[in-house]
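The values are calculated or read from the model by the stated rules, or taken from the named source; none is laboratory data. Computed from a predicted structure; not experimentally measured. Here the Cβ positions follow ideal geometry from the backbone for every residue, glycine too, while neighbour counts run over all protein chains shown. The accessibility values were calculated without ligands, DNA or RNA, using every heavy atom of the protein model including side chains. Shrake-Rupley method; radii C 1.70, N 1.55, O 1.52, S 1.80 Å.
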Amino acid sequence: MRKLINAPADVVTDALRGLAAAHPSLRVDPEAGTVVRADAPRAGKVALVSGGGSGHEPLHAGFVGPGMLDAACPGAVFTSPVPDQILAATTAVDGGAGVLHIVKNYTGDVLNFRMAAELAEDEDIEVASVVVDDDVAVEDSTYTAGRRGTGATLFVEKVAGARAEEGADLTAVADVAREVNERSRSFGVALSPCTVPAAGRPTFELGEDEIELGIGIHGEPGRERAKAATAREIVDAALTAIDADMPLAGQELLVLVNGMGGTPLIEQYIAYAAAAEWLAGHGATVARPLVGGYVTSLEMAGVMITVCRTTPELLRLWDAPVDTPALRWGR
């Protein structure tokens, strides 16, 4: 195992120390495992809290800041944050208007966020929860009951964050978060596995001429093992699967072409070119594109495509100013 780390047990705390040093506008507690925007709590503003296992950076800590999340709680690599950690983040950002938990649909995340919400409500903090379940590849996977939460998490956090920044109440912020999730779909493809530092070995094995279609962001198996293919063929498989689940013709879309952590940007743009061509040929319009490694799986090579059937209001909220370490525009 060759990784730029000090010790496997210290990966998350060391990374959080680095985040704190690089972004002093954030309040980072490496020991407690919380990342909070500098001006939190903001009186009268609905606060957004998300989190999950580390290894998916910049998700979630990289999206803390004005226009997006108020706090994030990174767990151990590929492991849910614990309820006390989530409660600490929730308490730190509560400004009296309630807190929205944005939760990817993995069993540990769902259970731990639910427990934290109950603990928060015991402290008179109103909590609403939205579960993201956008992945069309498989259902009832290794880590989930139902569909996995993947790339649409970014869309949900951005749009709901903009709505909260405008002063909307908790019900309105939760409603728009659910709307984005319902209008979004994702499909991922792995060209190589990744290695969890504590395990020291790849999460799965691929032959030299194999790829995994429908991979999850923890290295879970996908729909099928297939022969290596061109970028066009891989993108076609992903978008065909998405289109079969949620028709795209005639729609204006947010489109995320997401590197999985080990995919060079040049290859991501090759994939985006193929996606734009496919969508145009199937009667869909790209309203806003985003290309880059935003929801990753350590050093996995591959690509995930996420689309959201947008509306004028959702586009307005997407375009609203945001200022986080990993996403910044309009300020």
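Computed quantities for the displayed model
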| read-out | value |
| --- | --- |
| Only one of Asp94, Asp133 that is open to solvent by 30 Å² or more (accessible area, probe 1.4 Å) and farther than 20 Å from Ser184 by Cβ | Asp94 |
| Counted residues, region 185-229 - those being of a type in the set (A, V, I, L, M, F, W, C), farther than 28 Å from Val131 by Cα and either under 19 Å from the mean Cα position of the chain (by Cα) or open to solvent by less than 60 Å² (accessible area, probe 1.4 Å) (or both) | 5 |
| Complete set of residues in region 284-314 that are within 20 Å of Ala174 (Cβ to Cβ) and over 16 Å from the mean Cα position of the chain (by Cα) | Arg309, Thr310, Thr311, Glu313, Leu314 |
| Condition met for Ala76 (open to solvent by less than 20 Å² (accessible area, probe 1.4 Å), hydrophobic (A, V, I, L, M, F, W, C) and under 20 Å from Thr153 (Cβ atoms)) | no |
| Any hit, region 73-87, residues being within 19 Å of the chain's Cα centre (by Cα), without any contact (Cβ under 8 Å) to a residue 40 or more places away in the chain and over 19 Å from Ala128 (Cα atoms) | yes |
| Residue identified as aliphatic (A, V, I, L, M), assigned by TED's automatic domain parsing to the domain that holds Ala174 and closer than 11 Å to Leu170 by Cβ among Ala97, Ala89 | Ala97 |
| The listed residue being more than 30 Å from Gly200 (Cβ to Cβ) and either at pLDDT below 95 or of a type in the set (Asp, Glu) (or both), out of Arg288, Arg331, Arg309 | Arg331 |
| Count - residues of region 269-286 that are aliphatic (A, V, I, L, M) and open to solvent by 20 Å² or more (accessible area, probe 1.4 Å) | 5 |
| Single residue of Ala117, Ala128 found to be at pLDDT 95 or above and surrounded by 21 or more Cβ atoms within 10 Å (Cβ to Cβ) | Ala117 |
| Residue within region 252-268 that is open to solvent by less than 70 Å² (accessible area, probe 1.4 Å), in a helix (DSSP H, G or I) and either acidic (Asp, Glu) or on the phi < 0 side of the Ramachandran plot (or both) present | yes |
| Scan of region 276-312 for residues that are under 25 Å from Ala190 (Cβ atoms), out of contact with any strand residue (DSSP E or B) (no Cβ under 9 Å at 6 or more places or on another chain) and of a type outside the set (A, V, I, L, M, F, W, C), ordered by number | Glu277, His282 |
| Qualifying position, being outside the structural domain of Glu210 (by TED's automatic domain parsing) and touching a Gly at 6+ places or on another chain (Cβ under 8 Å), among Val295, Val322 | Val322 |
| Test: residue in region 98-108 that is surrounded by fewer than 21 Cβ atoms within 10 Å (Cβ to Cβ), touching a Phe, Trp or Tyr at 6+ places or on another chain (Cβ under 8 Å) and at pLDDT 95 or above | no |
| Selection from region 137-161 of residues that are surrounded by 23 or more Cβ atoms within 10 Å (Cβ to Cβ) and of a type in the set (A, V, I, L, M) | Ala137, Ala152, Leu154, Val156, Val159, Ala160 |
